[in-house]
Structure formats: structure tokens, C-alpha cells
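The values are calculated or read from the model by the stated rules, or taken from the named source; none is laboratory data. Please read these numbers as outputs of a predicted model, since none were measured by experiment. Cβ atoms come from the backbone with ideal geometry, glycine included; neighbour counts cover every protein chain shown. Keep in mind that these areas ignore ligands, DNA and RNA; they rest on the heavy atoms of the full protein, side chains included. Shrake-Rupley method; radii C 1.70, N 1.55, O 1.52, S 1.80 Å.
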Amino acid sequence: MPFIAALIGYLTKRVAIEMMFRPIEFVGIRPFLGWQGVLPANAERMAATATQMLIRNLVDPKEIFARLDPEQVAKEVEEPLLEIVEDVTREVMEQYQPRLWEALPGGAQQLLLNRVRAESPKAIAKIMREISHDIDGVLDLEHMVVTNLVRDKALLNRLIREISRPEMRFIARSGLVFGFALGIVQLAVWALTKSPIVLPLFGLGIGWFTDWLALKMIFLPREPREFFGLYTWQGVFQKRKEQVSADYGDMIAREIITIPNLLEEILRGPRSDRLFQMITREVRRTIDAQASLVKPLVAVAVGSRRFQEMKQAAATKAAERVPDTIRYAEEYATNALDVRNTISERMKRLSPVEFEGLLRPAFRQDEWKLIAVGAVIGGLVGELQVLFLLH
């Protein structure tokens, strides 16, 4: 009986752990007949909770983006940027006044291109400074993180599973120990009563109690505490604070707050219009400042209104293509932002309650379901024991 009780304890833990993460999509007949992993089923709530904790305690977008040197960003993207500037200039001139562009001497064409190209890195640096000063105006970090976690439920699973792998092992192994201990009590009660009801009741109790106790022991006590003067215990998750901090920072920097994800949010997120307004304004200003050589000629040839349309067309084309050049600064930006170390160091300074909030939401709301499943499985195994003994 103690060995079977240990098996019940282990089995119920393994099932509870897998039910947290699998299946990623609902399997069964909605709304009640079926199952979806606890985390994927509550992806939006879990993601929002994790993101609020991340932004409130670990990452300040303004501070992070202030680490970017606008001049260095401009230098990193200079080569692809100059190609785009030349292409946009030629496209606009050939679209609006092909004869005039062709009639200009090669030296005049090149002079215009060189002057615009010379100012382009300065314009990028200016835009980067403006973004840094008003990052909240162009980037909704919470929206970005939540969107990525909800869209990719497997990523949310990995985020929780990778940082809590030792805790999951503890839960499963604790079932063996707790189950065996309770099995000894079960054996004594059975020996005294010989009642068939003892086995399913103990199986149910072992499944319920060991699940409940294991979940509590992950997080509590928050500080090391001595019990009965014999041994000291601290919640497994709390005890691993240093390693969890390093793993969490690495995971966030590698999978979530990445340069491609940040660019995607800035270019296509709910605040993307602000960035395109900045680029459009700077392109128009640069054209006005550097086209003085041919501006009178162009204005006379095409008219002032047509010239304004040309400027707007150039600004629009640039706004569509310039952001892609930032991708060439990805390595520099990743090192400069230093998301991994920032998150890791700040996590280490969290209070035990704040640190617990990193993982606890993944368990708290639906942990009763996991405990209930453990109890049901334990009860069923107890019934099988009864059938075995009767036959």
C-alpha cells in the first residue's frame, strides 16, 4: 500500500503539471466537455499579469531606450540609408518630372543627391533622439508583450516552464515521498478496519493533500524558516532566486523584448502613426533645406503645388522604407539596451512577495482544478486497489 500510495502521489503530480500546459488548444466539445491547458486557456490574463509585473518592476522603456546613442544608430544604418535616399530621390523626380531630371546635368543630379545624402544620417539621429525622449509616444511595450504571448501560446508555456522546471520536478518527486508516508498511515488503518472504503478515501486524500502541499511548498515560506528545530525550509522558487533571475532575463531578452519585436510594434503597433509623422516631417525639412540648388528651377518647371506634392511623395516613400534600415543596427541596439542583464539584476532586488508574483499567477486562480484532478485520480486508483484485493 505505501508503494501504491507513492505511485498515486507521483502520478497525480505529473498529470497536474501536464494539465497546466497541454493541450495548447481546446480539445473536446465546448464549453465544458474537454480541456485546454491552464496557461493557454488563460493566455491573455496570464500575459497581462506578467507584463504589468515586468514593466512595473523590471523594465522602464524610457531608461532602456536612453541607452541608444542616436549618432551611433545613424552610423550603423548609414550605408543602407544612403541607398534608400538615392532611390527615393530618383523615383520621385522620375515620377513627377522625368524630363526635368533627365535634362539636369549629371553633376547637378549628383550634387543634389550628395546634399540630401549628407543630411540623411543627421535626420535619423534627430529622429532617434526624439523617439528616446518620447518613447511612450511611439511604443506601447505592454501591448507588444501581451500580443506576442497571446498570439504564441507555446511561447507563454516556454516562459513559465523553462523558469520553473526545477519546481516542476520538485512537485513530481514530492508526490513519491508524501504518498509513501501517507501510504503507511493507510496501511495501518486498513489493518485495523479491513474496510474497503479506506482505500479510495485515502487515495482521494493522498491525491488532494500531496498536490496542495507541493504547490504551497514551492512558494512558502518566503524566507528560510526552521521547523521543530530539526530542519530549515524555504519555498523552492524563492530559494532559486539568483538562477531564476538569470533565466528569466535571458528568456525575455531572447524571445520577447527583441529588436525585431520592438520594430514590429513601433512600425505596426497602435502608436505607429507617430513614428511616420516624425519621419515625414524630417524628410520634408531636409528637402527644403538641401534642395535650394534646384528648387527655383523645379518650382518653375512643375509649379509650387506640384513641388509640394513631390515633397509629400518623397516623405511618404521614405517613411515606408527608412524604418527597415534600423534592422541593420540590431546587434548594436541589442547590446546597448542590455535587456537581459537589466531584468536579471532588478529581479534579484525584488522583495519575496514581488518575486513570488512572477510565477504564482500561473498557479493561483486555477490551482484548485489541478488539486481536484489529483484527488479524482487518487480515488480511482484506490478503487482499483479494492478490486485487486477483492479478487
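Of note:
- Meets criteria (without any contact (Cβ under 8 Å) to a residue 12 or more places away in the chain, farther than 25 Å from ILE279 by Cβ and β-branched (Val, Ile, Thr)) for ILE29: yes
- Any pair with Cβ under 8 angstrom, 6 or more apart, that starts in the stretch 349-376 at a residue that is on the phi < 0 side of the Ramachandran plot and of a type in the set (Ser, Thr, Tyr) and ends at one that is outside any helix (DSSP H, G or I) and modelled with pLDDT under 70: none
- In this structure, LEU359 does not satisfy being out of contact with any Lys or Arg (no Cβ under 8 Å at 6 or more places or on another chain), open to solvent by 10 Å² or more (accessible area, probe 1.4 Å) and either over 17 Å from LEU11 (Cβ atoms) or at pLDDT 70 or above (or both).
- Scanning the stretch 107-141 for residues that are at pLDDT 70 or above and open to solvent by 70 Å² or more (accessible area, probe 1.4 Å) yields ASN114, LYS122, LYS126, ARG129, HIS133, ASP136.
- Scanning the stretch 132-187 for residues that are under 23 Å from ARG14 (Cα atoms) and among the charged types (D, E, K, R) yields LYS153, ARG158, ARG161, GLU162, ARG165, GLU167, ARG169, ARG173.
- Inter-residue pairs, beta-carbon under 6 Å, first more than 17 Å from GLU383 (Cα to Cα) and in the stretch 177-195, second open to solvent by less than 50 Å² (accessible area, probe 1.4 Å) and among the aliphatic types (A, V, I, L, M), 6+ apart: PHE180/ALA6
Rundown of residues vs (1) among the aromatic types (Phe, Trp, Tyr); (2) open to solvent by less than 40 Å² (accessible area, probe 1.4 Å), yes/no style:
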residue	(1), (2)
MET168	no, yes
ARG173	no, no
LEU176	no, no
GLY179	no, yes
ILE197	no, no
GLY205	no, yes
TRP212	yes, no
LEU215	no, yes
PHE219	yes, yes
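- Candidates ALA50, ALA16, filtered to the one that is crowded, with 17+ Cβ neighbours inside 10 Å, modelled with pLDDT under 80, under 17 Å from the mean Cα position of the chain (by Cα) and among the small types (Gly, Ala, Ser): ALA50
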